[in-house]
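Below is one structure, written out as structure tokens; comments come after it.
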Amino acid sequence: SAVISQKPSRDICQRGTSLTIQCQVDSQVTMMFWYRQQPGQSLTLIATANQGSEATYESGFVIDKFPISRPNLTFSTLTVSNMSPEDSSIYLCSVEVWQQETQYFGPGTRLLVL
Amino acid sequence: GENVEQHPSTLSVQEGDSAVIKCTYSDSASNYFPWYKQELGKRPQLIIDIRSNVGEKKDQRIAVTLNKTAKHFSLHITETQPEDSAVYFCAASRSGTYKYIFGTGTRLKVLA
């Protein structure tokens, strides 16, 4: 497995502002992903963070709203831009360890937008 | 598009009884099926997984079965304990895509 940390663990933000969430892994991993989990719901994939190139977004998610960076094999950021109350959710990063196909999740960032 | 159906959405069992959660997937090319347990306020934790070349896998009180023909797989928890209470998610993925399709989740309550 891998040790994954996320910062911040939670935040309360005003509408119209942006928040950047960081995901750090203790070892080099092949794939990093960002998910959203709305209260009481399942996990929805936002995008795959590609090292050194643009992220791959899922249907319904766009780069202007959720810009993602992955400057190296152990770190990624997700920005939630121009937030509205509908963006209140838990945001989780996950990683796939080299060729294991198994994803391990970070502790999540709980976001509340007022 | 691909989807994974999961049933039941909630499940209450008496301590010591067994619990079964079922998932059905639509993409016949799916070949990897993990199960995650998520306790309240915590991250999803992998508890068991199965690949399409295996029909059953056990790990102590937890087992997963896979029926490729019917495209469904199930999680079995025996001798349930209060600490098994959590939300359980199934997922399906296809090799090379790295993308998981998650089920909608099952809230399991084990009554002492």
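Taking the protein assembly as shown as a whole, the Cys residues whose C-beta sits 4.7 Å or farther from every other Cys C-beta are A:Cys13.
Going toward the positive end of the dipole of chain A, with +1 on Lys and Arg Cβ and -1 on Asp and Glu Cβ, which of A:Leu73, A:Gln100, A:Pro39 do you reach last? Of A:Leu73, A:Gln100, A:Pro39, it is A:Pro39. With a Förster radius of 22 Å, plug the Cβ-Cβ distance of B:Gln60 and A:Asp26 into 1/(1 + (r/R0)^6) and report the FRET value to the nearest 0.05. Efficiency for this residue pair is about 0.20.
In this rough spin-label picture, where each label sits 7 Å from Cα along the Cβ direction, the A:Thr56-B:Asn53 distance is 2.3 nm. Coupling constants for the range B:67-82 follow from the phi torsions by the Karplus curve (6.51 cos²θ - 1.76 cosθ + 1.60, θ = phi - 60°), and in residue order they are 10, 5, 5, 8, 6, 9, 9, 9, 9, 10, 10, 9, 6, 4, 10, x Hz; glycine and proline get x. The separation of the range A:94-114 from the range B:65-112, counted between C-alpha centres, amounts to 18 Å. Near A:Trp34: Cβ cut-off under 11 Å, other residues only, Lys/Arg at +1 and Asp/Glu at -1. The net charge is +1. Summing +1 for each Lys or Arg and -1 for each Asp or Glu among the other residues whose beta-carbon sits under 10 angstrom from that of B:Glu79 gives -2.
Candidate cross-link partners of B:Lys68 among the lysines, defined by an alpha-carbon separation under 26 Å and a same-chain spacing of 8 or more, comprise B:Lys22, B:Lys37, B:Lys57, B:Lys58, B:Lys99. Please check: in the Gaussian network model of chain B (C-alpha springs, under 10 Å), which one of B:Tyr98, B:Tyr36, B:Tyr88 has the largest mean-square fluctuation. Its mean-square fluctuation being the largest, the pick is B:Tyr98.
A crude spin-label estimate for the pair A:Gln100 and A:Asp64, with each label 7 Å from Cα along the Cβ direction, gives 3.9 nm.
For chain A, set up a GNM with springs between Cα atoms under 10 Å and report which of A:Thr77, A:Thr48, A:Thr20 has the largest fluctuation. Among A:Thr77, A:Thr48, A:Thr20, the largest GNM mean-square fluctuation belongs to A:Thr20.
We did not get these values from a lab; they are worked out from the coordinates using the rules stated. Small disclaimer: the values here were computed from a predicted structure and weren't measured. Every residue, glycine among them, receives a Cβ derived from its backbone with ideal geometry; neighbour counts consider all protein chains shown.
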